[in-house]
Amino acid sequence: MQQDPGADFIGCHLSAFFEHSPMNPTPSLPPCLQSALDASADGNSELALELFAQAAQELPESALPAFLMASEWASLGNLEKAEECFAAAILIAPDLHLARYQLGLLQFSSGRAAMAFVTWQPLLALGNHSPLFLWVQGFSALADDRFAEAKKLFLTGVTANDTNPPMSSDIQKIIAEIDKILEANPTIGGGLRRWRMQRKTLTSCYPTTNSKI
C-alpha cells in the first residue's frame, strides 16, 4: 500500500506541535500514538481515529491525541470534527498555539470571523516574529477590506514560517485570491459580507478524501 499523502500533512503538524509546545525536543511517542500514526500513514484513517481516541483515554493530560485526531479529521475533509478536536486540544493546553490558530482558521473560513478573533486573541501576545501573529493580523486586515495590508502581513508570515510548509501553502492560496480581487477592482469594499472566499480556499492545505490512496 502506498503511503497516504495526508501523512505528510499530519507529520508537519506533529513536528510543529512539538515546536510550539514545552515538549521540545521531540520525545518518543507512547505506543498507542505511534500505532495511530502508523495507521494514518498507511491510509487506514478509521483505525487511526480509533487509536487516537484510545490514546486520549490513556493520556487525559496530553493535548497531543486530540491535536492529531483533529489533523486526521481535517485530512479527511471533515472540518466540523476537526474543529471539535482542535478545541479539545486547547482546552487541555491553552498555550498550544498551533491548535489555537487552526481552530480560528476553521471558524473564520466558515463565516464566524468574530469567533475566530476571540479564539486568536492570545496569539497576539506572540509578537511580530511569529508567523501565527502575522497571519492573524493579516486576517484582521482582510476582514476590514485592507487587502494590500493583508497581503503584506501574510507574505511576511510566510517568510517567518520555517516549521510547517502546508500552512504557508494555505496562506499562498489566500494571497492569490487577494491578487485576483485587487486586479479586478482595487477599490472593492464590503468586507466579509460582499467578499467571502470559499471555505476550500482557506483550508486548502488539508488533503481531502479524494487525495487518499
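The values are calculated or read from the model by the stated rules, or taken from the named source; none is laboratory data. Nothing here was measured: the structure is a model prediction, and the numbers come from that model. Positions of Cβ are generated from backbone atoms using ideal geometry, with glycine treated the same way; all protein chains shown enter the neighbour counts. In case anyone asks, the SASA skips ligands and DNA or RNA and just uses the protein heavy atoms, side chains included. Shrake-Rupley method; radii C 1.70, N 1.55, O 1.52, S 1.80 Å.
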Worksheet, complete the sentence: Those residues of the stretch 165-177 which are modelled with pLDDT of 90 or more and open to solvent by less than 50 Å² (accessible area, probe 1.4 Å) amount to SER168, ILE171, ILE174, ILE175, ALA176
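State which residue is most open to solvent (accessible area, probe 1.4 Å) when the search covers only the stretch 38-67 and only residues that are in a helix (DSSP H, G or I) and under 17 Å from PRO94 (Cα atoms).
Here the answer is ALA56.
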Response to the item:
Flagged pairs (Cβ under 8 angstrom, 6 or more apart or on separate chains; first in the stretch 115-131, among the acidic types (Asp, Glu); second at pLDDT 95 or above and assigned to a helix (DSSP H, G or I)) are none
Practice prompt. Just give me the residues in the stretch 92-123 being open to solvent by 30 Å² or more (accessible area, probe 1.4 Å), more than 19 Å from ASN164 (Cα to Cα) and in a helix (DSSP H, G or I), in sequence order.
Written response: ILE92, ALA114, MET115, PHE117, VAL118, GLN121, PRO122
Worksheet item: Would you pick out the residues in the stretch 62-88 that are touching a helix residue (DSSP H, G or I) at 6+ places or on another chain (Cβ under 7 Å) and of a type in the set (D, E, K, R)?
Response: GLU72, LYS81, GLU83
Worksheet item: Of the numbered conditions (1) surrounded by fewer than 22 Cβ atoms within 10 Å (Cβ to Cβ); (2) at pLDDT 95 or above; (3) within 30 Å of ALA41 (Cβ to Cβ), ASP162 satisfies every one except a single condition; which is it?
Response: (2)
